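Chemist: Take a look at this one; I'll ask things after.
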Protein chains: 2
Amino acid sequence: MSASHRELRLIPVSGLGEVAAGTVLGELIAAAVTLAPGDAVCISQKIVSKAEGRLRRLQDVEPSPRARALAERLDKRPELVELILGESRRVVRATGRVLIVETASGLICANAGIDASNMPAEGIVALLPEDPDASARRIRAELDAAAGVRPAVVIADSFGRPWRLGQTEVAIGCAGLEPIDDWRGRADAAGRELSATAIATADQLAAAADLTRTKDAGVPAVVVRGLALDPDAGDGPGAAALLRPAADDLFR
Amino acid sequence: MSASHRELRLIPVSGLGEVAAGTVLGELIAAAVTLAPGDAVCISQKIVSKAEGRLRRLQDVEPSPRARALAERLDKRPELVELILGESRRVVRATGRVLIVETASGLICANAGIDASNMPAEGIVALLPEDPDASARRIRAELDAAAGVRPAVVIADSFGRPWRLGQTEVAIGCAGLEPIDDWRGRADAAGRELSATAIATADQLAAAADLTRTKDAGVPAVVVRGLALDPDAGDGPGAAALLRPAADDLFR
């Protein structure tokens, strides 16, 4: 990022039309908005899941005894709990009506990120993309092929958090930007060392993009313009770099 | 917020000059940028603390025995730990070199939000504003008096979080906007009820604003334009509404 401060624009992309399994999202987005070098594109997890065929019909799911027992305790549908457990490597908390898990890809979130909003019909839910960083890399390549521009790509979903109410969007996948801007060891404005400042840029991009939309509005992608990201940057470490290692986590 | 989606601009405000105890921040900001009705202004906690005389010299602090013992265990300066404990009502975690507390105003964060970056001299630290929502209300009134515009005001600081690496800016105080946009009970694009979506808008504003700056750049305020906030809105519940009640928190 070149300038020390910069004006940014958050441009919602609408009118993408219906997304189904096999839809090439990069083509769809490139057709709907003119991208510029240095842009980032923040894409809602939901359309990525749809494009990757990650929708499931609850009536097709056979709950295990473990899922049935947990579902009864949490007052959830057993088929949903079966899907959640299938996407998870560990239950972090199961209490009240809340089921927080660690997903196979290492995210800690409620219900393994599975939800039923904005689905084509009742009883259908969307699982998270299987490998959201791989999804981001693929969409970045699709955008390059379709538009000749390689923006950074962030795949965002809304997660709750401990201690604070309300959800914020976070980056579950990304490509083409450093997810963490690490200032540790660098100097502040007065030349003194900043002791512990590592900024979760990819998460802040996801949160910023969400400001342009309301949940009923169907804005599945948002362009963030003005960051002056390096369009020739490699895909980078992805949002996996935002996952705090368990040994370093005081709250799981 | 009127439109269902909207393009936003994030406009960094620089050139405010030095802020000292007694500085009227609303006047300073109104002189540096032309505000429009419906804007939000996101202000760095650090200048609010400076304006409110919340800087402390570590050499003036007399550590208690409790602070000395904790400081030795955590490898921190006893004077700093004394200040942290003085701002806190409870220690949440003290392990390794990490001290996470619940502040007197209910925030859960490392070191009670006290830090030494961007201070006028070595050995000086900034405490958080004593009542950040009151600070936001006061600055909003100052902006109204100076510019005849009543933008929403968010006071932001960067906090770490469980499970994810890197810090994000959150709203520690706000006035003139609903900190949480609550969609529970409302319908999604397909008309189905959204079960559990309450969006922490004020936190997402804080995170978005941070994208315009780098930590060494001295951008203490950012205007967010395009949200079409109601300039005649009351101050609202403040960022206190973002604090999860302890009884409802699985991770403290």
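The values are calculated or read from the model by the stated rules, or taken from the named source; none is laboratory data. These figures come from a predicted structure and were not determined experimentally. Note: ideal-geometry Cβ built from the backbone for every residue, glycine included; neighbour counts use all protein chains shown. In case anyone asks, the SASA skips ligands and DNA or RNA and just uses the protein heavy atoms, side chains included. Shrake-Rupley method; radii C 1.70, N 1.55, O 1.52, S 1.80 Å.
Chemist: Of all residues in segment A:1-60, how many are farther than 19 Å from A:Met119 by Cα and among the polar types (S, T, N, Q)?
Modeler: Total meeting the criteria: 3.
Chemist: Take B:Val81 and decide whether it is within 14 Å of chain A (Cβ to nearest Cβ), open to solvent by less than 10 Å² (accessible area, probe 1.4 Å) and over 21 Å from B:Cys42 (Cα atoms).
Modeler: No.
Chemist: I would also like to ask the following. Go through segment A:235-252 and report how many residues are more than 8 Å from chain B (Cβ to nearest Cβ) and either surrounded by 14 or more Cβ atoms within 10 Å (Cβ to Cβ) or more than 22 Å from B:Arg252 (Cβ to Cβ) (or both).
Modeler: Adding up the residues that qualify gives 6.
Chemist: So A:Val223 passes all but one of these: (1) facing chain B (nearest Cβ under 7 Å); (2) in contact with a strand residue (DSSP E or B) (Cβ under 8 Å, 6 or more places away or on another chain). Which condition number does it fail?
Modeler: The single condition A:Val223 does not satisfy is (1).
Chemist: Go through segment A:39-63 and report how many residues are open to solvent by less than 40 Å² (accessible area, probe 1.4 Å), out of contact with any Asp or Glu (no Cβ under 6 Å at 6 or more places or on another chain) and more than 30 Å from A:Ala239 (Cα to Cα).
Modeler: 0
Chemist: Restricting the first residue to segment A:238-252 and requiring it to be without any contact (Cβ under 8 Å) to a residue 12 or more places away in the chain, which pairs with a second residue that is polar (S, T, N, Q) meet a Cβ separation below 9 Å and a spacing of at least six or different chains?
Modeler: If the second residue must be polar (S, T, N, Q), the pairs left are A:Leu250/B:Thr95.
Chemist: Report whether or not B:Val24 is crowded, with 21+ Cβ neighbours inside 10 Å and touching a residue at least 24 places away in the same chain (Cβ under 8 Å).
Modeler: Spelling it out, it is not the case that B:Val24 is crowded, with 21+ Cβ neighbours inside 10 Å and touching a residue at least 24 places away in the same chain (Cβ under 8 Å).
Chemist: Another one. Hey, does segment A:6-17 have a residue that's touching a residue at least 24 places away in the same chain (Cβ under 8 Å), more than 12 Å from every other protein chain (Cβ to nearest Cβ), touching a helix residue (DSSP H, G or I) at 6+ places or on another chain (Cβ under 8 Å) and of a type outside the set (Phe, Trp, Tyr)?
Modeler: Checked against the condition, which is being touching a residue at least 24 places away in the same chain (Cβ under 8 Å), more than 12 Å from every other protein chain (Cβ to nearest Cβ), touching a helix residue (DSSP H, G or I) at 6+ places or on another chain (Cβ under 8 Å) and of a type outside the set (Phe, Trp, Tyr), segment A:6-17 yields at least one hit.
Chemist: Quickly run through segment A:201-217 and pick out the residues that are open to solvent by 20 Å² or more (accessible area, probe 1.4 Å) and under 16 Å from the mean Cα position of the chain (by Cα).
Modeler: Hits for segment A:201-217 are A:Arg213, A:Lys215.
Chemist: Out of curiosity, is A:Ala147 at negative phi, more than 12 Å from the chain's Cα centre (by Cα) and open to solvent by 20 Å² or more (accessible area, probe 1.4 Å)?
Modeler: yes
Chemist: If you scan segment A:92-114, which residues turn out to be open to solvent by 20 Å² or more (accessible area, probe 1.4 Å), free of Cβ contacts under 8 Å to residues at least 40 places away in the same chain and not β-branched (Val, Ile, Thr)?
Modeler: Hits for segment A:92-114 are A:Arg93, A:Ala94, A:Gly96, A:Arg97, A:Ala104, A:Asn111.
Chemist: Out of everything in segment A:163-173 that is more than 19 Å from B:Arg184 (Cα to Cα) and of a type outside the set (Val, Ile, Thr), what residue ends up being farthest from the chain's Cα centre (by Cα)?
Modeler: A:Trp163
Chemist: Could you please find all residues in segment B:116-126 being within 21 Å of B:Thr168 (Cβ to Cβ) and open to solvent by less than 50 Å² (accessible area, probe 1.4 Å)?
Modeler: Passing the criteria: B:Ser117, B:Asn118, B:Ala126.
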